[in-house]
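Quick notes on the structure that follows.
The values are calculated or read from the model by the stated rules, or taken from the named source; none is laboratory data. Keep in mind the model is a prediction, meaning the values are calculated, not measured. Note: ideal-geometry Cβ built from the backbone for every residue, glycine included; neighbour counts use all protein chains shown. The protein model used for the area step is the full one, side chains on, heavy atoms only, and it has no ligands, DNA or RNA in it. Shrake-Rupley method; radii C 1.70, N 1.55, O 1.52, S 1.80 Å.
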Amino acid sequence: MGPAVLQLLSVACLAFTLGMFGTGLSDLRQMFATQSVENIQFLPFLTTDINNLSWLSYGFLKGDWTLILVNSIGATLQTLYILVYFYFSPEKRAVLLKTTGFLAVLLLGYCYFNLLVPDVPTRLARLGLFCSLFTITMYLSPLVDLAKIVRTRSTQCISFPLTVTTFLASASWTLYGLLLQDLYIAIPNVPGIVTSTVRFWLFWRFPPDPNRPYKLLQA
């Protein structure tokens, strides 16, 4: 029963997480349609890419093909979003500086984990801790925007499909981590469940007005 459940959760993690990443395709279509990056935030693409690459390293070190497959596809999609954003952005220097800065941090992390931590179990634990904290930070960062939604009493700035896929992906990864007894996978996805539940409540409390245009909150 254990292997069958694990395989089922693995498929669920893959499907729901790719669904979550795929919501960025609407931004991609908008950039091509408008030939601009207006009302599209760059930082989520960049931080998600770094997150994917970090979990990809953890997956390779752990030998977990679910992590490897999901984050390989995720990193590819996020890199595509970044390149298209850079192409249409009028502020290419700022985008390039942000990207270079994050890549420098990623490179430093790679050197630290691979050169200064030779013991594999210790490296796995420290890398897992880093990935967990980074993921938790990403899930908690929209809380400021949620406070704005309460003040404006409008949910026009958040995506319902993204909220659904985030909830399902977070729940799947939490169960997957618990089944593997890997708290580095399970714990950081709990905030995703919590923030998605809060968003569901906000959608119920402040239903979107179909006559008002959708507009993203700026970071």
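Things worth noting here:
- Of all the criteria given as (1) closer than 20 Å to ASN51 by Cα; (2) without any contact (Cβ under 8 Å) to a residue 60 or more places away in the chain; (3) surrounded by 15 or more Cβ atoms within 10 Å (Cβ to Cβ), the one not satisfied by LEU202 is (1).
- Residues of the range 23-69 classified as among the polar types (S, T, N, Q), open to solvent by less than 50 Å² (accessible area, probe 1.4 Å) and under 22 Å from PHE160 (Cα atoms), total: 4
- Selection of the range 34-55 for residues being assigned to a helix (DSSP H, G or I) and more than 13 Å from the chain's Cα centre (by Cα) yields only THR34.
- Residue count, the range 114-137 (criterion: in a helix (DSSP H, G or I) and either more than 16 Å from ASN52 (Cβ to Cβ) or in contact with a Cys (Cβ under 7 Å, 6 or more places away or on another chain) (or both)): 11
- When each of THR100, THR137 is tested for being hydroxyl-bearing (Ser, Thr, Tyr) and surrounded by fewer than 13 Cβ atoms within 10 Å (Cβ to Cβ), the lone residue that passes is THR100.
- All positions within the range 41-70 that are in contact with a Ser or Thr (Cβ under 9 Å, 6 or more places away or on another chain) and β-branched (Val, Ile, Thr): THR47, THR66, VAL70
- Every residue from the range 106-126 that is surrounded by 11 or more Cβ atoms within 10 Å (Cβ to Cβ) and either basic (Lys, Arg) or over 18 Å from the mean Cα position of the chain (by Cα) (or both): GLY109, TYR110, TYR112, PHE113, ASN114, VAL117, THR122, ARG123, LEU124, ALA125, ARG126
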